Every structure is written in structure tokens, then in C-alpha cells.
Number of protein chains: 2
Amino acid sequence: MPLTKAGITRLRSLREKKHREALGLFVVEGEKVVGELLAAKFPFAELYATDAWEGRAAVPLAAARRGTEPAPCQIISAAEMARLSHYPTPSAVLAVGRIARAPLPPGALDRGLTLALDGIQDPGNVGTLLRIADWFAFDRVVLSPDCADLFSQKVINASMGSFARVAAHTAPLAEALAGCAAPVLGCDLQGDDVHGLPALRAAVVVIGSEGRGLSPAVAARVTRRVTVPKFAAEPGRIGGAAESLNAAVAAAIVCDNLRRAQGP
Amino acid sequence: MPLTKAGITRLRSLREKKHREALGLFVVEGEKVVGELLAAKFPFAELYATDAWEGRAAVPLAAARRGTEPAPCQIISAAEMARLSHYPTPSAVLAVGRIARAPLPPGALDRGLTLALDGIQDPGNVGTLLRIADWFAFDRVVLSPDCADLFSQKVINASMGSFARVAAHTAPLAEALAGCAAPVLGCDLQGDDVHGLPALRAAVVVIGSEGRGLSPAVAARVTRRVTVPKFAAEPGRIGGAAESLNAAVAAAIVCDNLRRAQGP
């Protein structure tokens, strides 16, 4: 089936969030990210590739389509790919997925470990935070509605495949935290030393944006502020004057200390 | 002194590393980054700003130049700034600094804490690593020659001012590590649990690129491989399948554990 002009316009429109929302679809491009998501068994709805895509051997071609999963791969020309691509340099594969937003089940935050993102607008940071939640086997990630769009290519690329493995929910954060039975740890510059965390079987780790920190409504739900200790510059020693850590870096250190405190 | 065409060409050329090297100068643009570096007392050689730059009140204007430091600020028009700028959207201030490369003193790695970057090519990661070294008051950062250029705007922006505070050296890493008396900790996926680090007063933390890991010559100098423990997915638990952590995130967790093991 050759690509129609309307089909190309549809796929190209997905670079914008409003069109992704309207169509309920998102796009990822590139052999690395598509390969990572296929390896994580992400059920793509459509796959387009040129002959150059080495991964196409692993998925059935459209002509041979029988089942519905994995998505059949439609082989297109490099010229067609250039018309589909969202980038100046098209890659050999482009995949389309359905946007699925699982609602946060009531009481979910009471159980296990949650990483909550409060207004993290940098897509690279959001993707890195998904990867951190994946590494530390957190049970879920909750994003406030003003975070970078989970279904943007930059977020998915930075997550290195964790996008397909982590349960991510978008929810108004202050409301979701209301009545939460688990401790809510807010990453902050004036909190308790994170090295002294007790063993917690359930906890929510909340990280705010680098520029603005935690939003007031979310900060009001925090039950314990935690800080990664900074080391002061000693005479003759350079450093120790950094104002803050990158949001994802700070969250990762808190997650590591939380897991360490849980013990084996 | 109005900007000459040659002067504009000179400043614009600094977007490329070869021209930065030839002229021994680098450029940073933007109120945030210039403000951070001025706050860290970075001795800029030249400063250009439009009337819109709020920070200009803090530095003398060119017309009133008397000393050599801080650099006088030359007020230019928005149209001139647009011609100087390396970006499609020019900011209100552009600063020029001299490239200074302090050689790594012999035996320096034997003392205190060093963060060594082995082929980290992503400029955002290099900047974030400078910020991490600053936060944990490391004595120095050593970059292998194939890291992202320390004097590129992306590195300096991502360092959030730490560029001006951290002693950074570029040196062939395997040679610099030869005969190092301090333990050389290599961040790796198959090493000792970083939670079990002993108290070390001197150490070198080496982090490799995400794609390729430590280079063989550097890996041969590592005396102890350390790993941030990953948590395995349990039945019903999502996550724990991430292949790796972001290089800067992994390094930060190792630095935190190193400082924690040192005790108060």
C-alpha cells in the first residue's frame, strides 16, 4: 500500500502534541529507540522502514500480515521516509504507537515506590527520570500535567526504552498525594540528610523543576524533605559552591539511598 | 567603539572549535549563564550587552574602563547583537572568555578526589558532570581529549556556573592514571556494589561513555570496578529492566556513596 499524501500529512502532524492528542497516536523514529521499544515488546500500531533497516528481519512485513502483533512493517523508499520524518536527517525506521493513559488507581501511592514529577518540563530530564525509575524498579511514575509530554520523541528517546517498561500516569499531583498513607519525600535543598533515610517499604519521591522547585500545593503534601548533602569547599579546595544538582541527578541519588536503606 | 564587520565575523567564528582554538577564546550567551559565571567571578575578556540586560548595572561600561577586571561591558544595539549571536533568538548579553588550559600537575591524582571523564561526548553530560564534581567538592575533573569540548556553550550552559568553579584539565587519561597512587574506581555494570565502598580520602572516579563504556586503555588502569545496584523486577512489579543509567546519573551516585563512606 503506497503512502498517500493524506497519510504522510497525518504522520508528520504527530510532531505536535495537539495532533497527537487528537489522533491518540505518537511517533518515534530511529533504529536505536525503535529497537529498544520493540525489545521491550511495545505494541506499535504501525511500522515504516526502508530497506536499510536491519531490524526489519525481526518483524513481519505488511504483505505477510496475519496477526495484529507485532505490528507489520511496511517497507517504503528513502524518499518516502524523508517525507514522513520529523527530522532533517531521516532514519531507517519510524514507528507509530497508540497513546494509552492508564488512570492512577485509587490508593496506588500507598503501596510500593513511586517517583512523582512535579512540573519537570525538560523532556530529557523526564526521560532520564523514567530510566531511573526503571533501574531502581519503582512501581510507578506519576507526572503532573505540566511536565513535558510523555509521548514526545525527546522524552521517549531519553528514556532508553524505559518508556515501555515503567508504569507512568499523568495526574494532578497535589490531589493524588492527598490522603496518601506512604511517606512523601520531597527533594529539596533544605531537608534531612538523605543518607539518614530509614528503611521504607512504601514511599513517594517527589522531584520538582530545577528552576522553581516543588510547587506550593505539592510541597504542602510532603511529609519529609530530603537533601543530598553538599560538601563545602575547604581552603585550597575548589568546588562545593554548586547551587543545586540537576533534577534527575538529585532524584537518582535519593532513589539509590532509599533502596540502600531498605537493605537486602 | 562600534563593532566592525571583522569584529562581528571574529565573534561569530567562535561557534566552531577550530576557531576557538585558533583565537584562544570562547563565547557564552544568555543572561542566566553569563550571570552565573560573573557571580563565580569568571574573568571575561569582553562583554557585549543590549540595554535590555539587567545585569549590566553590575559591571562598568566600556566608556568608563579603568582596570582590566571585570571586563567592561560594551552596550550594543539589538540589531548588532543579532549579528553577533550564535543563536536564532539572540539574548541580551554575550561574553567572551580566554581559553585557559591548566596542565594536570604530576602526582595530582594521588591526592583528594578526582572525577575522570573517558570519552563523554554529550556536552550536556559533560556540563552536568562538572556540576556534580562541584556539588561534591571534588578537587578536580580530568577530561580525556575525546570528550565534548569544555569550552563549548552547551557544556558551559549545562554546568550551571560550575564551569567557573571546578578545576578541569584535559589530559590523555590512561597516561595520567599510570602510576596513580589513589584507588581508581571505574563505573561499570559488573563491579562491586557501590554501597560497600570503604572510606577513601583519595580516589579517582572514572566514568565512560554510555555507548561504549570505559576505553580499554583506561579500563586497564582501573583498580576497582563499582556498580550502582539495579533492582530486579519482582512478580507484578514493573521496572528493573533498564540496561544502564545515564553516565552523569551513575557518576553522581558513585560520588554520593564515596562522600557518604568518608563519614563526617
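List of remarks:
- A Cβ distance below 6 Å, combined with a sequence gap of six or more or placement on separate chains, defines the contacts here; from the range A:240-264, residues that are among the basic types (Lys, Arg) reach residues that are outside any helix (DSSP H, G or I) and crowded, with 23+ Cβ neighbours inside 10 Å in the pairs A:259/A:136.
- Criterion: in a strand (DSSP E or B) and more than 12 Å from every other protein chain (Cβ to nearest Cβ) - qualifying residue of A:121, A:74: A:74
- Each residue in the range B:131-157 was checked for being within 21 Å of residue B:212 (Cβ to Cβ) and in contact with a Lys or Arg (Cβ under 9 Å, 6 or more places away or on another chain), and 4 pass.
- Residue check, residue A:43 more than 22 Å from the chain's Cα centre (by Cα), assigned to a loop (DSSP other than H, G, I, E, B) and surrounded by 14 or more Cβ atoms within 10 Å (Cβ to Cβ): no
- Single match in A:238, A:207 (criterion: at the interface with another protein chain (Cβ under 7 Å from one of its Cβ atoms) and either modelled with pLDDT of 95 or more or surrounded by 19 or more Cβ atoms within 10 Å (Cβ to Cβ) (or both)): A:238
- Verdict on residue B:70 being under 24 Å from the mean Cα position of the chain (by Cα), of a type outside the set (A, V, I, L, M, F, W, C) and modelled with pLDDT under 95: yes
- Qualifying residue in the range B:229-245 (condition: in a helix (DSSP H, G or I) and not β-branched (Val, Ile, Thr)): no
- Residue ID - nearest to the other protein chains (Cβ to nearest Cβ), chosen from residues in the range A:140-150 that are under 16 Å from residue A:177 (Cβ atoms) and touching a helix residue (DSSP H, G or I) at 6+ places or on another chain (Cβ under 8 Å): A:140
- Residue, farthest from the other protein chains (Cβ to nearest Cβ), within the range A:87-100, restricted to residues that are assigned to a loop (DSSP other than H, G, I, E, B) and more than 15 Å from residue A:155 (Cα to Cα): A:90
- Any hit, the range A:173-182, residues being at negative phi, in contact with a strand residue (DSSP E or B) (Cβ under 7 Å, 6 or more places away or on another chain) and either at pLDDT below 95 or surrounded by fewer than 17 Cβ atoms within 10 Å (Cβ to Cβ) (or both): no
- For residue A:103, the conditions (1) within 23 Å of residue A:263 (Cα to Cα); (2) touching a residue at least 60 places away in the same chain (Cβ under 8 Å); (3) not in a helix (DSSP H, G or I) are fulfilled apart from (1).
- Number of residues in the range B:106-118 that are hydrophobic (A, V, I, L, M, F, W, C) and either part of a loop (DSSP other than H, G, I, E, B) or within 11 Å of chain A (Cβ to nearest Cβ) (or both): the value is 2.
- Of the criteria (1) of a type in the set (D, E, K, R); (2) under 28 Å from residue A:231 (Cα atoms); (3) surrounded by 20 or more Cβ atoms within 10 Å (Cβ to Cβ), which one residue A:192 fails: (3)
- Residue in the range A:24-40 that is among the β-branched types (Val, Ile, Thr), surrounded by 13 or more Cβ atoms within 10 Å (Cβ to Cβ), modelled with pLDDT under 95 and assigned to a loop (DSSP other than H, G, I, E, B) present: no
- Meeting the requirement of 2 or more residues that are out of contact with any Leu (no Cβ under 7 Å at 6 or more places or on another chain) and outside the structural domain of residue A:27 (by TED's automatic domain parsing), the strands (runs of 3 or more DSSP E) wholly within the range A:124-226 are A:184-193.
- Which listed residue, of A:228, A:249, is facing chain B (nearest Cβ under 10 Å), surrounded by 21 or more Cβ atoms within 10 Å (Cβ to Cβ) and modelled with pLDDT under 95: A:228
- All positions within the range B:113-172 that are within 22 Å of residue A:252 (Cβ to Cβ), surrounded by fewer than 24 Cβ atoms within 10 Å (Cβ to Cβ) and acidic (Asp, Glu): B:122
The values are calculated or read from the model by the stated rules, or taken from the named source; none is laboratory data. All figures in this text were calculated on a predicted structure; none of them were measured in a lab. Glycine also receives a Cβ, built like all others from the backbone with ideal geometry; neighbour counts cover every protein chain displayed.
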